[in-house]
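Structure first, then comments.
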Amino acid sequence: MDQYLLADAAQNLFPARMQMAVSLGWHIIFSCLGVAFPAIVVFTEWRAHKLNDPELHDLARTWAKAMGVLFAAGAVSGTLLSFEMGILWPGLMEPFGEVFGFPFVLEGFAFFIEAIFVGIYLFGWDRMSPRAHMLSAIPMVVSGMAGAFFVIAANAWMNNPTGFDLDPSGKVINTDPVGAMFGPSTWPQFFHMYMAAFMVTGFAVAAVYAVAMLRGRRDAYHRYGLLIPLTVAAIASPIQIGIGDWAANTVAENQPVKLAAMEGLFKTGTAVPLSLGGIYYDDELHYDVEVPWGLSLLVTHNPNGEVTGLETVPPDLRPPVNVVHLAYNVMVGLGSAFLLLALWLGWSWWRRREIPRSPWFLRAVVLAGPGVVLAMEAGWITTEVGRQPWIVYGVLRTEDAVSPAPGLFLGFYAVLAIYVVLTALTVFVLRRLASSHTVAAPQERDEWTPEEAASR
């Protein structure tokens, strides 16, 4: 009987992985919007009251409605994920649920608090004083941030498991759920994801208004719609570079094999160059561009520092190198491009107090919208695939945690269909919401004067 169960589990590994990949890849986009968009909306409303600007007020209300739609879609995908953890991975949840399940419980509380105050905020327009309305948004913003922390804490535990011991038979003992939440990867992963949320939301929202401005909509409403989220993303971009260095050093210290896969490094060595691009085969990276001493400097802050290679573990304990290496390069490459875009905006605003006049800037912002989503997905691929073949790093292999239940591939097709329908409905509702807005008094000029910009 055990042999049949093992055979079923082996067949289920691919569809279970694909189902989680689709679910996580879809949900993480809406998680980013759910974490960062409320703060941007509340800031916009605050500016509207401070400046007594009807365009800003109109923009804040439109964004609040979009925020409600996105929150509802994210709630559906989050609910599906909670079921999938238990259905697809009983070999993980049964022995380790008492260790890392605590943050999921806390995330549930955070979600319900956020849902309550999202409702209060949406239905409180014109029913509450401006001060009370904005104060009602504070629990919404804080609980969204807290929910993100709890989910990231659970994922960070899977990368660096702490808060338990194993007895000689392999049974989990001496569990410490609170200690498990604060492992070595928790804080760098959380802040890396938190900044990513503001970058994703900022560039994605700005891209919508950049398209409109390229089509000739240069009124104040669309300028605000571009400038506010783009400024948020521009501020987050350089901060993310620093956090990324922190996260890379944490990976080097606690998951050296993952770092070796990220860089396509087979042999342990000193004065190791940083590899850009390339394809890994025959235990070597080919066609890459090398930056001398770059990886040693990144990891050890010493040009002659030692970096661990893939050779230190057997082949069956190495992640798929090309997937991890290319995903990591996509994330870093796009992140560097976003930094340049942020510098372009900052230079123009410092010189003339206005966005760059070149249409190529707006085109770059349009490309940054889908580009930032791609970068974020590439980052999660690096994190999750780089941990393989472990579902709990160094403790439990993924193939040993998957459910042996028959017909698991049917669940993958069902989930895929759900997300296709949910995506179509979300896009449809958002487009209807956008088309319902009309600008009452469009400005005909293409740019604000410096005096006008400063007053705003």
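The values are calculated or read from the model by the stated rules, or taken from the named source; none is laboratory data. All figures in this text were calculated on a predicted structure; none of them were measured in a lab. Positions of Cβ are generated from backbone atoms using ideal geometry, with glycine treated the same way; all protein chains shown enter the neighbour counts. For accessibility, only protein heavy atoms count, side chains too; no ligands or nucleic acids. Shrake-Rupley method; radii C 1.70, N 1.55, O 1.52, S 1.80 Å.
Per residue, how much accessible area does the chain show when a 1.4 Å probe rolls over the protein heavy atoms, in square angstrom?
Numbers: 21660 Å² over 456 residues.
Each residue of the chain exposes 47 Å² on average to a 1.4 Å probe.
Using alpha-carbon pairs under 8 Å, 6+ residues apart, how would you state the relative contact order of the stretch 1-158 in percent?
Averaging sequence separation for qualifying contacts and normalising by length gives 26 percent for the stretch 1-158.
Give the long-range amide H neighbours of Asp219: residues separated by 5 or more places, or on another chain, with amide H under 5 Å away, using H modelled in the peptide plane at 1.01 Å from N.
Residues meeting the criterion, in which the H sits 1.01 Å from N, are Gln443.
Give the angle, between 0 and 90 degrees and rounded to the nearest 10, that separates the Cα long axis of helix 408-435 from the longest principal axis of the Cα atoms of the chain.
For helix 408-435, the angle is close to 10 degrees.
Considering only protein heavy atoms, what is the solvent-accessible area of Asp58 at a probe of 1.4 Å, reported in Å² to the nearest 10?
Counting only protein heavy atoms, the figure is 50 Å².
Taking the stretch 301-378, how much of its Cα-Cα pair set, in percent, is spaced more than 20 angstrom apart?
56
Amide H to amide H, which residues 5 or more places from Trp293 or on other chains are under 5 Å from it, using H placed in the peptide plane?
Long-range HN contacts for Trp293: Leu274.
Using θ = phi - 60° and the Karplus relation 6.51 cos²θ - 1.76 cosθ + 1.60, list the HN-Hα couplings for the stretch 176-181 in order, rounded to whole Hz, with x at every Gly or Pro.
The phi angles translate into 9, x, 5, x, 5, 6 Hz.
Treating the angle as unsigned and between 0 and 90°, give the value, to the nearest 10°, between the Cα long axis of helix 90-100 and the longest Cα principal axis of the chain.
With both axes taken from Cα atoms, the answer is about 70 degrees.
Stretch Tyr413-Ser336 to full length: gain in nm at 0.36 nm per residue minus the Cα-Cα span?
Working it through step by step, the gained length comes to 24.1 nm.
Once the Cα atoms of helix 2-51 and of the chain are each reduced to a long axis, what angle between those two axes, in degrees from 0 to 90 to the nearest 10, is obtained?
20
Taking θ = phi - 60°, what integer Hz values does the Karplus form 6.51 cos²θ - 1.76 cosθ + 1.60 yield along the stretch 141-154, in sequence order, with x for Gly and Pro?
My calculation for the stretch 141-154 gives 5, 5, 5, x, 5, 5, x, 4, 4, 5, 5, 5, 4, 5 Hz in order.
For the chain, what does the relative contact order come out to in percent, with C-alpha contacts under 8 Å and a separation of six or more?
On the way: 667 pairs, mean separation 94.7, N = 456.
The value is 21 percent.
Would you grab the residues whose amide H sits under 5 Å from the one on Asp288? Only those 5+ places off in sequence or on another chain, please, with H modelled 1.01 Å from N.
Those lying under 5 Å, H to H, from Asp288 are Ile279.
At most 12 other Cβ atoms within 10 Å and a DSSP loop assignment: could you name the trypsin sites (Lys or Arg not before Pro) in the stretch 208-280 that fit?
On the way: sites: Arg215, Arg217, Arg218, Arg223, Lys258, Lys267; in loops: Arg215, Arg217, Arg218, Lys267.
Here the sparse-neighbourhood loop sites are Arg215.
Per-residue HN-Hα couplings for the stretch 223-230, Karplus 6.51 cos²θ - 1.76 cosθ + 1.60 at θ = phi - 60°, whole Hz, x for Gly and Pro?
5, 4, x, 7, 6, 5, x, 5
Contact order normalised by length for the stretch 323-403, with contacts defined as Cα pairs under 8 Å and 6 or more residues apart; what percent is it? Don't skip to the answer; put the middle values down first.
On the way: 52 pairs, mean separation 31.6, N = 81.
Result for the stretch 323-403 is 39 percent.
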